[in-house]
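Here the structure is laid out as structure tokens; the discussion comes afterwards.
Nothing in this text is a laboratory measurement; each read-out follows from the coordinates by a stated rule. Just so we're clear, the structure is a prediction, and the values are computed from it rather than from any experiment. Cβ placement follows ideal geometry from the backbone for every residue including glycine, while neighbour counts extend to all protein chains displayed.
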Amino acid sequence: MSPTVRQMREAHLALDTPLFSGLEGDIEVSFEFFPPKTDKMGETLWNSVSTLAPLDPRFVSVTYGAGGSTRERTHEQVVRIQKEAGIPAAAHLTCVAATREEVDTVARHYWDEGIRHIVALRGDAPDGQSGYAPHPGGYENAIDLIAGLKRVGDFEISVAAYPEVHPDSPNRQADLDNLKAKFDAGATRAITQFFFEPECFFDFRDQAVAAGIEGEIVPGIMPVMSFAAVQRMSGLCGTAIPAWMGGLFEGLDEKPEARQLVSATIAAELCRRLYAGGVRQFHFYTLNRAELSYAICHMLGLRPKAQK
Ligand SMILES: Cc1cc2nc3c(=O)[nH]c(=O)nc-3n(C[C@H](O)[C@H](O)[C@H](O)COP(=O)(O)OP(=O)(O)OC[C@H]3O[C@@H](n4cnc5c(N)ncnc54)[C@H](O)[C@@H]3O)c2cc1C
């Protein structure tokens, strides 16, 4: 079946299926957190981990602050989640602004603590600097970093992918070639940058297959907490914000509860359409809040493990 015919069938299925009825819950999910700065934020993170844990995520991940600024805090949370919550935890690790030895040392500490999954990333140039440049004694990019990590230990490696093309990439084909090279270097999974239209993911998935990529590509789902913040982030990472979305958030700046309902509806609808197109793995950018991700998983049929 050609990709176009498949997409048409997927679109029909998505439109014809009654809203969220009869979904089997046959999805696998993962959740992303960021390392908290204060005790209070730490409490929020931990409450979220506890709320989401019964959904039996296949892993949760913790981000690495710009330029490695959260090295210790990321380490602390990753190890704690795996040891105390019993969920396989993945550590994000970037190679920007660090020597190979520094990065290898961080990775070795993870290995020694029993962490076996790294989200391997290049990272971005520090604020105020234009354009990424590798550290003189460092890994050049994510491909190079993966090879280095594999020398430290046989980590499971996830990487980043860009349905709307990474801003540094000269074109889509170069971006796909770069992604393929990350798989060839040892990655087992790519998690996408967030996006808001399902077609964006379906097109990307087809193009990845055409580029010879056979590895798993998991959509990164961003439930919108603050529309202004998402607009800012989208501007930096090249995610398109559909015109209809601005209209849906209009007038809700001071209405957090209504905003949350709108956010959940938008993200759940995106996931439902992805599901109708055959997607069974989802990665949620939780921003350390459980409610939206939990509600979306629930609508997709996922139930706490003990109640199954
Ligand atoms: C799921 C996910 C999680 C993330 N987590 C973090 C995090 O925890 N901390 C953080 O700081 N950042 C994080 N980021 C952001 C990430 O660091 C940035 O997007 C960064 O700019 C690129 O990282 P990368 O690993 O994709 O880089 P790479 O894959 O190395 O390269 C990025 C792009 O540059 C282009 N490129 C690279 N090398 C070449 C070359 N030689 N020739 C031509 N083009 C080239 C490619 O098109 C490529 O897509 C995350 C992003 C995603 C999607």
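Which helices pass in the chain if a helix is a full DSSP H run, must span at least 27 angstrom along its long axis by Cα, and must have mean Kyte-Doolittle hydropathy not below 0.0?
Going by DSSP H runs, the hits are 256-276.
Would you kindly state how much longer the chain becomes between ALA174 and SER69 on full extension, computed as 0.36 nm times their sequence separation minus their alpha carbon distance, in nm to one decimal?
Answer, rounded to one decimal: 34.8 nm.
Quick one: what Rg and Dmax do you get for the range 175-308 from the alpha carbons, in Å?
Calculated on Cα positions, Rg and Dmax stand at 15.9, 48 Å.
Count the lysine pairs in the chain whose Cα atoms sit under 25 Å apart, keeping only pairs 8 or more residues apart in sequence or on different chains.
So the count of such lysine pairs works out to 8.
R0 = 41 Å: FRET efficiency of MET8 with ARG151, Cβ-based, nearest 0.05?
Efficiency, from the Cβ-Cβ distance: 0.35.
Describe numerically, in nm with one decimal, the distance between label points set 7 Å from Cα along Cα→Cβ at GLU101 and at TYR132.
2.5
Taking the Cα centre of the range 3-299 as origin, sum charge times position over the Cβ atoms of Lys and Arg (+1) and Asp and Glu (-1), and report the length of that vector in debye to the nearest 20.
Numbers: 27 positive and 40 negative charges, 32 e Å.
The dipole of the range 3-299 has a size of about 160 debye.
Once amide H atoms are built 1.01 Å from N in the peptide plane, which residues 5 or more positions from VAL218, or in another chain, come under 5 Å H to H?
Answer set, sorted by chain and number: ALA190, ILE191, THR192.
Would you calculate, for the chain, the mean residue ellipticity at 222 nm contributed by helices, counting each DSSP H stretch of 4 or more residues as -39,500 (n - 2.57) and dividing by all residues, to the nearest 500?
It lands at -14000 deg cm²/dmol.
Pull up all non-local amide H partners of VAL119: gap of 5 or more, or a different chain, and H-to-H distance under 5 Å with H placed in the peptide plane.
Long-range HN contacts for VAL119: ALA91, HIS92, LEU93, SER158.
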